[in-house]
């Protein structure tokens, strides 16, 4: 499955389209660096001013860049350590800078949690929790973050064959709300992102369901046979899905969240994958992808030849279809999740998506030989209609990039560039 990026990203403001004619002296260095990078941005007749370079960082040796709430956080290597720089997403203005440790540089990741307003940087035993607005250290955590809400983080201590402990803590102060031992856990899944009560499901030899807010056990059940690997846990509606993997088949068993009683079961010959697709459960097989009723498992629709699906909004899916194009890239299109009907157009290429309002989806389509420009298309999430936004240099297909609302953040030769994309 192609990585679509963070589908839970917050809504970002649109770029300011008013022309800017004045620059402060301290901004000239940044403006000059941005101008040097314009050689990689190609205009396209009739596309309009919908794809343009806004700013480029003057700093190199970027390890990772991630957006959140109108800010892009850039972690770069400096000397024997590093530094984390918070830039205004629309203008590139630096909001704050802090030094980081060799452990953070070696780990090479950072996590932005927009709702609590946090940035997590790795340490040798966990992470340091920063205020996203100021960069100030709030507290340090040990273990790994398994789930979150706007006010809390769910932390797991231990793991890797050892007994574990779950702790729910305040997101901004680290105070413990509850904690409980959970033994050795193979698989865990947390649901906190819809209107239903938040729950924690885990495989600790049995199938166990906890209430997120207070850690109370809601139910236990025997696990279905698990096959050659640990089972996959997922949620769809008021069902908990357990997917088991075997040499030549995959099983999907749905359990009621009330008491973990088995609701329905299906078996897939060959390989298969399962995902929550809003109003349906998406089941991918070698023949295509089907949408099934979460409550009964009954097939509602089937798309033959589809290679995969991924939700982009409550009732829309991104479809990865077979491509007859010479580039061999999948044909990307938008589907109505309720009916399985394809909407609008197909574009072969590499998709990137962002949840902003009703969602946002662009597709990078290489023109041909490796040095030809790459076309950037917008696929309207409501209608599926494509719009050519413009072209960028061919290098982007081999570089990290992220779509954040109406901004495309890319890393080129160790530097961050931010473009307006409509």
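Values quoted throughout were computed directly from the atomic coordinates according to the rules given, and no laboratory measurement underlies them. Only a predicted model underlies this, so the values are computations on that prediction, with no experimental measurement involved. Cβ coordinates were reconstructed from backbone atoms using ideal geometry, including for glycine residues, and neighbour counts include every protein chain displayed.
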statement: Going from the fewest other Cβ atoms within 10 Å to the most, one would list 362, 396 as 396, 362
statement: Expressed in Å to one decimal, the Kirkwood Rh of the range 25-421 from all distinct alpha-carbon pairs is 23.2
statement: Between residue 230 and residue 52, the two model label points (7 Å from Cα along the beta-carbon direction) sit apart by a distance in nm of 4.9
statement: Ranked on Cβ counts within 10 Å of their own Cβ, fewest leading, 245, 210 go 245, 210
Euclidean distance between Cα centres, the range 71-106 to the range 213-272, Å: 41
query: Between the range 402-418 and the range 162-204, what's the alpha-carbon centroid distance in Å?
result: 33
query: Taking R0 as 60 Å, what's the FRET efficiency between residue 385 and residue 125 from their Cβ-Cβ distance, rounded to 0.05?
result: 0.75
